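Chemist: Just passing along the structure, written as structure tokens.
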Amino acid sequence: MSTDTITVGASNPVSDFDPYTDEVLANPYPHYEKLRELGPVVYLELYGVYALARHDEVREVLSDPATYCSSAGVGLPNFHTEKPWRKPSIILEADPPYHARTRKVVARILSTPSIARWRATFEKEAELLVDRIIDMGEFDAARDFCAAYPLKVFADAVGLPAGGRENLLPYGDMVFNGFGPMNERFKSRLAKAQESVQWINNICQRENLSSDGLGAELYAAADKGEITHEEAGMLVRTLLSAGLDTTVFTLCNAIISLAKNPDQFELLKKDPSLARQMIEEVIRYEPTFHSFYRTTTRPVELGGVKMDKNQKIVVIIGSANRDPRRWENPDKFDITRKATGHIGFGTGIHGCAGQMMARLEGDIVMGAFARKVSSLQLTGEPVRHFNNTVRGFTSIPARVTGG
Amino acid sequence: MAKIVYVQLDGTRNEIDAGAAASVMQAAVNNDVPGIIGECGGSAMCATCHVYVDQECIDDLPPISEVENDMLQNTASERHENSRLSCQLAIDGSFDELVVHIPPTQV
């Protein structure tokens, strides 16, 4: 495995790079750099796909859903030619004009004015949680802080009962592995998650949700005829797969980035109102989501490379966010920079519909952390979680003091 | 070179030479104009770059797309007839000068 290979004499760069090995997933950035420098579009011969690793091409492709579609699946398998491993998502894996109908409803219930009603509760829970970890002193930041917060506040906001929430992260883990190749990692998580799939399918039914949460709002949209009741259930499922692991890992990446850059943590403590832009920088510098796929709907030329219709393209947003063509000192974690414009939430019509919810959670819980925690140290080697698409941690042994 | 005037609630006028900015949102962010956040980076996903376009200028602008229209339903400040998302207002030669008013809040 290397990113050094170029087929001599070929006009377009070809590489035997494999984005999905444990070694690459542990630290993809040196590999991304090589990939970016090979060219704007690089053919990955192991998978038969083109890879985009630079900001401009990634943005161009994500902004043109008519040419680069999602209905063929956002993982490696092409749903137009192969049987999908699950029923395709009616929002993530839908193209215009069908996409707009579901997107409109989801975007509305996750918009800033709509989610503002949770702010007070989120703040209260953040205070309680930060007090708890300060009391503990030594704790597992991944489990006791980064996972605990979204599993409480977001799951409450969706309207889930308190029991059974341990099924949520394995379910999301399975879904996000599915945005890559159907490799052993995916197959083992798919097998492992079957119980969770049952629980999720059941919990998405109207009678199992609270009457005032996001789930209930989706069913209310169905009552009004904007979507069907079956679709409402599928969109609750989407909230649960897309909204937990991602936020958990973003908080993990925030804690690790702050612990490894104590000067930046000092800046944040001095001015906790920087929490929101700190989260933005985390999502640029150490994005949770690293890659997914688009598929050409017609023959195209991109970055000087001619492609056929039905060609899978892997869009590496984790690399785009480190592209020196777009970012000054891209490998520096700098919470004072203007990080907006990164592609950590994707962009275009499929850009993350829950991004304002993610910012609300991150802003509030990291703001409370910055106000109350005076010291943060890692007490052991963090244990990375390996997934085809999302990067985070299963364990972060840490120590905090308050005051 | 396009000139953009951002009028704050208190009447302060920030006059910006748009330079190479691609959108009215981007020009504001590049020049630290208060009241325009553009948190999603220009994807019409966050509605934090909402502006009220001055009536004098409204005919210079492209029509509202379906995506922009949907997100305009979700602005933190009330939507008016002249509401636009400034990330969707491209600086592409369609106007020489544009005057926009900043809404009371974006979040």
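The values are calculated or read from the model by the stated rules, or taken from the named source; none is laboratory data. A quick note: this is a predicted structure, and the numbers were derived from the prediction, not measured. Cβ coordinates were reconstructed from backbone atoms using ideal geometry, including for glycine residues, and neighbour counts include every protein chain displayed. For accessibility, only protein heavy atoms count, side chains too; no ligands or nucleic acids. Shrake-Rupley method; radii C 1.70, N 1.55, O 1.52, S 1.80 Å.
Chemist: For a quick check of understanding: with a 1.4 angstrom probe and all protein chains in place, what accessible area in square angstrom does A:Val158 have, to the nearest ten?
Modeler: 0
Chemist: May I ask you to list the trypsin sites (Lys or Arg not before Pro) in the range A:54-119 that are in a DSSP loop and have at most 13 other Cβ atoms within 10 Å of their Cβ?
Modeler: Answer in residue order: A:Arg86.
Chemist: Remind me, relative contact order of chain A in percent, using alpha carbon pairs under 8 angstrom and six or more residues apart?
Modeler: Worked out over chain A, it gives 25 percent.
Chemist: For the range B:3-101, what is the charge dipole size about the Cα centre, in debye to the nearest 20, if Lys and Arg each add +1 at the Cβ and Asp and Glu each add -1 at the Cβ?
Modeler: Dipole of the range B:3-101, to the nearest 20 debye: 240 debye.
Chemist: Sticking with this structure for a sec: Whole-Hz Karplus ³J(HN,Hα) for the range A:318-329, in order, using 6.51 cos²θ - 1.76 cosθ + 1.60 and θ = phi - 60°, x for Gly and Pro?
Modeler: Listing the rounded values in order: x, 7, 4, 6, 10, 6, x, 5, 10, 10, 6, 6 Hz.
Chemist: State the percentage of accessible surface on the range A:48-128 attributable to carbon and sulfur atoms; use a 1.4 Å probe and exclude ligands, DNA and RNA.
Modeler: Within the range A:48-128, the accessible surface is 57 percent carbon and sulfur.
Chemist: What whole-number volume per residue, in cubic angstrom, does the convex hull of the C-alpha atoms of chain A give?
Modeler: For chain A, the hull spanned by Cα atoms encloses 131 Å³ per residue.
Chemist: In addition: Only bridges with both residues in the range B:3-101 count here: give the DSSP antiparallel percent, nearest 5.
Modeler: Antiparallel bridges make up about 70 percent of those DSSP assigns within the range B:3-101.
Chemist: Turning to a different aspect of this structure: What ³J(HN,Hα) values, in whole Hz, does the Karplus curve 6.51 cos²θ - 1.76 cosθ + 1.60 give for the range A:225-233 when θ = phi - 60°, with x put for Gly and Pro?
Modeler: Those phi angles translate into x, 6, 9, 8, 5, 5, 5, 4, x Hz.
Chemist: Ballpark to the nearest 100 Å², how much total accessible area do B and A bury together, probe 1.4 Å?
Modeler: Separately minus together, B and A give about 1500 Å² buried.
Chemist: As an exercise, use a Förster radius of 30 Å and the Cβ-Cβ distance of B:Glu66 and A:His80 to find the FRET efficiency, rounded to the nearest 0.05.
Modeler: 0.75
Chemist: Considering only protein heavy atoms and a 1.4 Å probe, what is the carbon-and-sulfur percentage of the accessible area of the range B:3-101?
Modeler: Result for the range B:3-101: 44 percent of the exposed heavy-atom area is carbon or sulfur.
Chemist: Compute accessible area for the range A:110-138 by itself and then with all protein chains, 1.4 Å probe, and report residues whose area falls by 20 Å² or more.
Modeler: Buried-area filter returns A:Ser111, A:Thr112, A:Pro113.
Chemist: If you don't mind, there's one more thing I want to ask. So which residues of the range B:66-99 lose at least 30 Å² of accessible area, probe 1.4 Å, when you go from the chain by itself to every protein chain present?
Modeler: SASA drop of 30 Å² or more in the range B:66-99: B:Asp70, B:Asn74.
Chemist: Over the Cα atoms of the range B:3-101, what Rg and Dmax result, in angstrom?
Modeler: 12.0, 32
Chemist: Specify the residue with the greatest mean-square fluctuation among A:Glu217, A:Glu33, A:Glu195, computed from a Gaussian network of chain A linking alpha-carbon atoms under 10 Å apart.
Modeler: Result for chain A, Cα springs under 10 Å: A:Glu195 fluctuates most.
Chemist: Here is a further query. Tell me, what % of the accessible area of the range A:260-376 is carbon and sulfur with a 1.4 angstrom probe?
Modeler: 48
Chemist: Another question, then. With a 1.4 Å probe and all protein chains left in place, how much accessible area per residue does the protein assembly as shown have, in Å²?
Modeler: 40
Chemist: Mind listing the long-range amide H neighbours of B:Glu97? Cut-off is under 5 Å, sequence gap 5 or more, other chains count too, H placed in the peptide plane at 1.01 Å from N.
Modeler: Under 5 Å from the amide H of B:Glu97 lie the amide H atoms of B:Lys3, each far enough along the sequence or on another chain.
Chemist: Right, something else. ³J(HN,Hα) across the range A:162-178 via Karplus (A = 6.51, B = -1.76, C = 1.60, θ = phi - 60°), whole Hz, x for Gly/Pro?
Modeler: 5, x, x, 5, 5, 7, 5, 5, x, 5, x, 4, 5, 4, 6, 4, x
Chemist: Each label point is 7 Å from the Cα along the Cα-to-Cβ direction; what then is the distance between the points at A:Asn201 and A:Ala162, in nm?
Modeler: 2.9
Chemist: Then there's this: Enter the mean number of other protein chain beta carbons within 10 Å of the beta carbon of each residue in B:28-39, as an integer.
Modeler: 2
Chemist: Using 0.36 nm times the number of residues separating A:Asn183 and A:Lys87, minus their current alpha carbon distance, what extension gain do you get?
Modeler: 32.7 nm
Chemist: Next question, about the same structure. What's the average, rounded to a whole number, of partner chain beta-carbon atoms within 10 Å of each residue's beta-carbon in A:351-362?
Modeler: Mean shielding by partner chains, rounded to a whole number: 3.
Chemist: Oh, and also: Among the aspartates and glutamates, select those whose C-alpha is under 17 Å from the C-alpha of A:Lys270, and discard any that sit fewer than 8 residues away in the same chain.
Modeler: Within reach: A:Asp334, A:Asp363.
Chemist: To continue, here is another question. For each pair in A:Lys187/A:Lys309; A:Lys124/A:Lys152; A:Lys83/A:Lys187; A:Lys104/A:Lys224; A:Lys260/A:Lys332, compute the distance between the two Cα atoms and list the pairs where it is over 19 Å.
Modeler: A:Lys187/A:Lys309, as the Cα separations exceed 19 Å there.
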